[in-house]
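The values are calculated or read from the model by the stated rules, or taken from the named source; none is laboratory data. Since the structure is predicted, the reported quantities are computational estimates derived from the model, not experimental observations. FYI the Cβ positions are ideal-geometry reconstructions off the backbone, even for glycines, and counts take in every protein chain you see. The accessibility values were calculated without ligands, DNA or RNA, using every heavy atom of the protein model including side chains. Shrake-Rupley method; radii C 1.70, N 1.55, O 1.52, S 1.80 Å.
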Amino acid sequence: MRGIKQIYDCLYAYKLGFLLLIITNLLFIFFAWLAYPETFKVLVGLMMVFTLATLSLSIFIIVRKQNIIEAAFQEFLLEPNEMNEERLCRVSPKTHWSCIRDMGSSIRSYQAELNEQVMELADYENYIEGWVHEIKKPLSLMTLVLDNRRDEMSSLVRHRMLHIRDQMLGDVERILYFARLGAAHKDYMFEPINILAFCKQSVEHHQTLLDESGFQVQFIGEEMEIFSDRKGLAFIVEQILANSTKYAAANQDKPIIKFEAHYDKGKDQRILTIRDNGPGVSEEDLPFIFDKGFTGRRGAYTRQATGMGLFLVSKMAYDLALQVDAKSELGSGLTISLIFPRVNEA
């Protein structure tokens with residue numbers, strides 16, 4: 001099939017030359033008919049055989065030449081060094097040499113800039129990861145002081161300090177996960193997880209954030225087992241919790257977060273739904289809340305938005321093969337559903 005396409009491309013590329021050859025043959029056939037009517041058929045037959053042989057040989061030579069040029073061009077694109085550039089020039093028409101050399105020079109220049117940017121980005125990622133690990137030390141020391149000096153401060157002050165610490169830890173985790181988004185290797189470990197029990201543990205780890213905003217937490221549905229990575233799933237749940245507490249309405253009397261686990265028999269899917277009764281998201285903003293840096297155009301929900309929390313949720317969900325769905329109306333809270341993939345038991 002590829003050979004037929006090459007022949008067609010060759011005929012199309014050199015159609016003017018082949019057309020001139022056919023016209024010339026027709027002209028000589030006419031002259032042969034006028035000059036040698038008794039041997040006309042023999043002459044025309046010989047001319048047709050010669051023409052077909054010439055066409056076949058020409059197409060063969062052109063296709064072979066094109067294959068050589070294509071192979072040299074592929075090598076040049078994979079590694080645009082000067083040696084491959086000269087090799088491409090040797091097999092290409094001389095009229096193309098200046099263009100090939102200009103192209104090679106431009107590609108090498110862009111490649112050098114790209115390599116420099118990659119190195120700078122790697123250095124930046126290493127710096128961010130190092131900074132994250134370093135900042136965890138004073139946060140751990142802060143926790144130690146809060147635990148050991150419990151009697152020297154009021155419960156309100158201690159509670160506020162724990163709240164601030166948890167907020168800082170959440171920000172640090174977001175930075176770390178963002179820095180790792182482009183990592184080639186990600187150390188996920190998938191295992192069976194009881195989803196409601198897992199959510200209760202996540203809530204306990206972030207109880208100070210919920211208490212500070214006065215949130216009530218409810219768990220609905222029957223326990224079910226899903227298959228996922230604990231760290232990645234914990235990060236998703238934590239970001240959704242932080243999102244709900246951050247954008248809770250200031251005048252909201254009874255903020256609530258509901259965790260609901262249910263099984264959709266029709267689609268054979270296990271679904272975890274996390275719902276709050278906060279300010280919600282406007283209809284025009286809802287399709288974009290998982291986009292990087294999107295902070296919305298109106299509504300109390302986006303007053304303090306950075307546009308990173310739910311973006312990281314969508315990225316982590318993609319890595320864990322989860323489907324994320326969001327539903328909301330302005331003033332009626334936000335509902336985020338995590339749809340877990342089906343896992344066939346061996």
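Observations
- Extreme residue, most open to solvent (accessible area, probe 1.4 Å), among residues of the range 86-125 that are farther than 30 Å from Arg174 by Cα and of a type in the set (S, T, N, Q): Thr95
- Applying the set (1) part of a strand (DSSP E or B); (2) more than 13 Å from Phe340 (Cα to Cα); (3) open to solvent by less than 10 Å² (accessible area, probe 1.4 Å) to Ser228 leaves exactly one unmet item: (2).
- Test result for Arg160, over 29 Å from Phe311 (Cα atoms) and of a type in the set (Lys, Arg): no
- Every pair of residues 6+ apart whose Cβ atoms lie under 7 Å, when the first sits in the range 75-98 and is without any contact (Cβ under 8 Å) to a residue 12 or more places away in the chain while the second is aromatic (Phe, Trp, Tyr) and not in a helix (DSSP H, G or I): none
- Pairs are defined by a Cβ separation below 7 Å, a sequence spacing of at least 6 or placement on different chains, a first member in the range 117-138 that is more than 27 Å from Met161 (Cβ to Cβ), and a second member that is assigned to a helix (DSSP H, G or I); the pairs so defined are Glu125/Ala179.
- Inside the range 151-178, residues that are open to solvent by 70 Å² or more (accessible area, probe 1.4 Å) and closer than 20 Å to His133 by Cα make up a count of 5.
- Here is the figure for the range 255-265: residues that are under 20 Å from Arg342 (Cα atoms) and either among the polar types (S, T, N, Q) or open to solvent by less than 80 Å² (accessible area, probe 1.4 Å) (or both) total 4.
The rows are residues; the columns are (1) loosely packed, with under 15 Cβ neighbours inside 10 Å; (2) under 59 Å from the mean Cα position of the chain (by Cα).
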{"position": "Leu19", "(1), (2)": "yes, yes"}
{"position": "Phe40", "(1), (2)": "yes, no"}
{"position": "Leu43", "(1), (2)": "no, no"}
{"position": "Phe60", "(1), (2)": "yes, yes"}
{"position": "Arg64", "(1), (2)": "yes, yes"}
{"position": "Asn67", "(1), (2)": "yes, yes"}
{"position": "Glu70", "(1), (2)": "yes, yes"}
{"position": "Asn84", "(1), (2)": "no, yes"}
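- Residue within the range 182-200 that is assigned to a helix (DSSP H, G or I), out of contact with any strand residue (DSSP E or B) (no Cβ under 6 Å at 6 or more places or on another chain), open to solvent by less than 70 Å² (accessible area, probe 1.4 Å) and at pLDDT 80 or above present: yes
- Note on the range 203-222: residues that are closer than 14 Å to Lys258 by Cα and surrounded by 18 or more Cβ atoms within 10 Å (Cβ to Cβ) amount to 3.
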